[in-house]
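> Dropping the structure in here first, questions after.
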Amino acid sequence: MIDLLITNGFVLTLDSHGTVYQRAAVAVDKGRIVALGPDSVQPARRVIDARGNVVMPGFVNAHMHETLTRGLNEDLPLAEWLERICFPIDRAYTPEILRASALMNQLEMIRAGITTFVDIYRYPAVAAEVALRSGLRGVFTPQIIEIPPGVGETLESNRAFVEEWNGRCSRIVVGYGPHAPYTCSDFLYIDVTRRARETNLRVHTHLSETTFEVQRFLREKGSTPPQWLDRLGVLGPWLWVAHGVHLSDEDIDLLAQREVAVVYNPTSNMKLASGVAPVTKMLERGVTVALGTDSNLSNNNLDMFEEMRAGATLQKLVTGDAAVLSCETMLRMATIWGARALGMEKEIGSLEVGKQADIIIVSLESPHLWPALTGDVHNVAEHLVYSANAADVQTTIVEGQILMENRHVLTLDEGEVRVAVECAVRELLERAGVVEYLRTRTTREQGK
């Protein structure tokens with residue numbers, strides 16, 4: 001008898017053939033998918049009836065930060081946003097405050113159908129401990145910032161985290177997270193790349209997010225950020241980068257040649273007025289493009305349905321071509337291509353026999369998803385990209401463990417998390433010394 005059977009699902013596998021089963025079952029045992037298809041019904045200790053709703057791979061959020069101060073960093077130019085709010089707050093975090101932040105973020109991701117996330121932020125061991133409890137699959141690349149000092153992790157703390165957590169749990173993946181070429185030294189990039197390659201780990205960084213970054217590198221080094229990192233030996237299949245908004249054609253060709261994946265963060269890029277990443281060019285030239293929400297400071301939620309919709313429509317607008325970035329492309333970007341960016345495509349990202357059972361069930365029962373056609377003619381992928389939202393996720397499963405069923409989260413106590421968050425944010429703002437700035441800014445805005 002197997003552990004879990006999901007029956008009566010519209011199964012969207014997102015495998016390499018794009019296989020879809022209009023009414024099928026998914027069988028899970030010992031955390032892995034052992035069968036799927038119309039004839040896969042078999043005795044199980046636990047049975048979930050999908051009732052004709054969508055059964056699909058959980059989302060891979062390939063770039064985010066487990067930040068706390070959502071809604072307090074609004075409508076500012078990027079430089080002021082970083083210097084007056086973000087850096088003082090980042091410097092003021094404590095492990096206990098970060099714990100509350102990680103609980104909030106991971107609770108939201110469970111409810112949004114995100115089964116794997118990449119966290120590049122503070123106190124990774126604390127966030128990883130929360131992931132042990134939440135049941136999510138977490139990839140932790142501690143955000144190392146050298147300039148200005150004290151606002152991020154250090155090479156030493158990143159190394160200590162890797163030594164403590166590498167191999168500790170199958171759901172916890174560790175790596176290195178230099179923030180960006182303008183906040184980290186050449187030596188740091190060279191060193192973390194060497195360490196990652198020696199231990200078969202990976203490196204995650206921000207790259208070419210703003211014109212400021214690119215212009216500074218052209219002025220000071222005579223090359224773009226990707227070209228400079230390539231001279232240092234940093235570019236390679238062990239690296240995946242966030243944003244890539246301001247990439248030249250030569251940069252894109254270089255990333256493709258070096259097999260560097262890029263994470264598209266459309267909502268964040270719009271909100272911070274960073275620009276529009278040349279995603280269609282990247283895909284045409286063979287760059288793996290994944291999808292991420294970025295942090296709740298620059299988004300402000302962790303809803304991959306919204307990212308798919310924003311990502312697709314934004315590219316249609318800037319290219320003038322309504323046919324670019326199809327629904328299937330966006331779904332792959334949010335699942336299997338995200339897994340590929342992390343080097344995990346053999347384990348997660350699609351529903352296939354032998355893979356980890358990271359599965360979500362998405363309801364088609366609300367009016368904003370009607371008419372829901374699930375026969376020979378179906379519009380399910382279209383609804384997922386253009387109509388659905390995080391609240392439509394009914395069930396979230398990671399490695400065969402049910403984390404949420406019928407919108408009820410089983411691994412975290414929502415009341416406990418809310419109390420922890422409300423206490424932590426007050427302490428964080430006081431420690432950061434930004435209360436008066438926020439109060440003055442609020443008063444100024446109300447007076448307009």
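> When you scan region 271-304, how many residues do you find that are assigned to a loop (DSSP other than H, G, I, E, B), within 11 Å of VAL245 (Cβ to Cβ) and of a type in the set (A, V, I, L, M, F, W, C)?
Within region 271-304, residues that are assigned to a loop (DSSP other than H, G, I, E, B), within 11 Å of VAL245 (Cβ to Cβ) and of a type in the set (A, V, I, L, M, F, W, C) number 4.
So that you can scan it fast, the table gives a plain yes or no per residue for (1) in the same structural domain as ASP230 (by TED's automatic domain parsing); (2) under 18 Å from VAL263 (Cβ atoms); (3) touching a Pro at 6+ places or on another chain (Cβ under 6 Å); (4) part of a helix (DSSP H, G or I):
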site: GLU164; (1), (2), (3), (4): yes, no, no, yes
site: GLY167; (1), (2), (3), (4): yes, no, no, no
site: VAL173; (1), (2), (3), (4): yes, yes, no, no
site: ALA180; (1), (2), (3), (4): yes, yes, no, no
site: ILE190; (1), (2), (3), (4): yes, no, no, yes
site: ARG194; (1), (2), (3), (4): yes, no, no, yes
site: THR205; (1), (2), (3), (4): yes, yes, yes, no
site: ARG216; (1), (2), (3), (4): yes, no, no, yes
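> Any residue in region 59-74 that is assigned to a loop (DSSP other than H, G, I, E, B) sitting within a Cβ distance under 9 Å of a residue that is surrounded by fewer than 21 Cβ atoms within 10 Å (Cβ to Cβ) and among the small types (Gly, Ala, Ser)? List the pairs, counting only those 6 or more apart or interchain.
Sorted first by the residue in region 59-74, then by its partner, the pairs are THR69/ALA432.
> When you go through LEU342, LEU325, LEU369, LEU351 one by one, which is the residue that is surrounded by 18 or more Cβ atoms within 10 Å (Cβ to Cβ), farther than 16 Å from MET56 by Cα and in contact with a strand residue (DSSP E or B) (Cβ under 8 Å, 6 or more places away or on another chain)?
On inspection, the qualifying residue turns out to be LEU342.
> What number goes with the only condition from (1) of a type in the set (Val, Ile, Thr); (2) closer than 26 Å to TYR182 by Cα; (3) crowded, with 24+ Cβ neighbours inside 10 Å that THR115 does not pass?
(2) is the only condition that THR115 fails.
> Follow-up question, since we're still on this one. Exactly one of these conditions fails for GLU422: (1) within 21 Å of ALA100 (Cα to Cα); (2) touching a strand residue (DSSP E or B) at 6+ places or on another chain (Cβ under 9 Å); (3) not aromatic (Phe, Trp, Tyr). Give me its number.
Status for GLU422: all satisfied but (2).
> Looking at region 3-46, which of its residues are small (Gly, Ala, Ser) and at pLDDT 95 or above? Full working, then the answer.
First, the residues of region 3-46 that are small (Gly, Ala, Ser): 9, 16, 18, 24-25, 27, 31, 35, 37, 40, 44.
Selection gives GLY9, SER16, GLY18, ALA24, ALA25, ALA27, GLY31, ALA35, GLY37, ALA44.
> Also, quick follow-up: Would you point out which residue out of ALA256, ALA290 is modelled with pLDDT of 95 or more, touching a Gly at 6+ places or on another chain (Cβ under 8 Å) and buried (at least 24 other Cβ atoms within 10 Å of the Cβ)?
Within the list ALA256, ALA290, the selection yields ALA290.
The values are calculated or read from the model by the stated rules, or taken from the named source; none is laboratory data. What you see is a predicted model; the values in this text were computed from it and never measured. Virtual Cβ from ideal backbone geometry, glycine too; neighbours counted across all protein chains shown.
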